[in-house]
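The values are calculated or read from the model by the stated rules, or taken from the named source; none is laboratory data. Note that this is a predicted model, so its numbers are computed, not measured. Note that we place each Cβ from the backbone using ideal geometry, even for glycine, and neighbour counts take in every protein chain shown.
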Amino acid sequence: SHKWTGLVDTGAKYTLSEVIPGGWSLIEVSCDTDFEWTDNYVEFYLGESDVTCTFTNYQPTDVTTTTTTTAPPELGEIGDFVWEDPTANGIQEAGEEGVPDVQVKLFKGGSLVATTVTDSLGKYQFGGLAAGVYEVQFVLPAGFEFTLAHHGADDAADSDADPLTGKTGGITLVAGEIDHTWDAGVFRPARVLPQVVTTTPEVLPFTGSSDTPGLGGLAAALVALGGMAVLAMKRKEEQPVGGWSRRLPEVH
């Protein structure tokens, strides 16, 4: 179809001189915004060089404006807690405190979308989130390791961080949802200290003499050392009568 627009004259007539090739068609006539035409389609045939269209029964009409308002999507939140778990059992227990300044990252579709740190109480939060599937990753602070994950029956009191990666599983957030159940427990691993051995002098009494058969002029003493009995021997003539000195180890 071919659209033609113009102004109506006082006799409510239009004179159309434009010819549309290809046969007959309908011409849609758009009226002024203050009028509504009750019959706004006419026919004409190719070869008619001059077509006069007459419209009747037109009348003024009010212009109606329709406004459509779309509400913004509801936004949600993800968050909760990083705590020190000295028992390393993966369960938040009374007296266990939060760990501040732990870096926490938020991913969506594999892409990093936000980063934050825990507050003085170990709390963190990501707000203003559209519906979707997210992941949280906790960055392990120096001197700590992640505790057991998903241990215990209470999902709000366990650790959700993978001990190897620090990441949670996928978090499906619906529009407007507030999900504060994603935690991480960390603990300080036990330190194994090396043993330091020092010696101190101690006078040992004689328990044998050169007169003892088989000693061949040696003095002998039975010494308790580290829970073991040690036989210490020394030539008698090298030690004054009454004892001889030996440095015994002290274990710290």
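Asp101 meets the stated requirement of being in contact (Cβ under 8 Å) with a residue 12 or more places away in the chain, within 18 Å of the chain's Cα centre (by Cα) and assigned by TED's automatic domain parsing to the domain that holds Ser159. Checking each residue in region 99-113 for being within 30 Å of Pro86 (Cβ to Cβ) and either buried (at least 16 other Cβ atoms within 10 Å of the Cβ) or touching a helix residue (DSSP H, G or I) at 6+ places or on another chain (Cβ under 7 Å) (or both) picks out Val99, Val102, Gln103, Val104, Lys105, Leu106, Phe107. Please tell me if Gly166 is in contact with a strand residue (DSSP E or B) (Cβ under 6 Å, 6 or more places away or on another chain), among the small types (Gly, Ala, Ser) and crowded, with 16+ Cβ neighbours inside 10 Å. Taking the combined requirement at face value, the residue satisfies it. Could you please let me know if Val186 is assigned to a strand (DSSP E or B) and within 25 Å of Leu75 (Cβ to Cβ)? So Val186 does not fit the description; no.
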